[in-house]
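Structure record follows, encoded as structure tokens.
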Amino acid sequence: MKSHVKAVVIGGGVVGCSVLYHLAKAGWTDTMLIERSELTSGSSWHAAGGFHTLNGDPNVAKLQAYTVQLYKEIEELSGQSCSLHLTGGVMMA
């Protein structure tokens, strides 16, 4: 293991992996991810399937749209499916 890095990301959940991915995308190479067990074995595992694409808050809606595009980008770069299936939805008042 390295003894000196530019950035250390603690936790290999969805947020930690996203931070590390975006650092690498920005050209950072001197980084490290520290996880106590398997990736997403902590709090991220129970959020599977809890992804929503409709939101009344415009900032949250932009973040969600970015996330959908990011999953497509990761699939193209890695050749691996993220298993995201957008099925639509209905909001009723």
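Any read-out appearing in this document is the output of simple, stated calculations on the displayed coordinates, not a laboratory observation. Predicted model, so just to flag it, every value in this text is computed and none were measured. Every residue, glycine as well, gets a Cβ built from its backbone with ideal geometry; the counts of neighbours run over all protein chains shown.
Potential lengthening of the chain between His85 and Thr31 amounts to 16.3 nm, from the contour at 0.36 nm per residue minus the alpha-carbon distance.
The C-alpha atoms of the chain define a longest principal axis, and helix 14-25 lies at about 70 degrees to it. The Rg/Rh ratio of the stretch 1-46, with Rg taken over Cα atoms and Rh as the Kirkwood radius over Cα pairs, comes to 0.99. Each Lys and Arg contributes +1 and each Asp and Glu -1, all at the Cβ; summed about the Cα centre of the chain, the dipole is approximately 180 debye. Inter-label distance, Leu63 to His22: 1.0 nm, where each label sits 7 Å from its Cα along the C-beta direction. Kirkwood hydrodynamic radius computed over the chain comes to 15.4 Å, based on all pairs of distinct alpha carbons.
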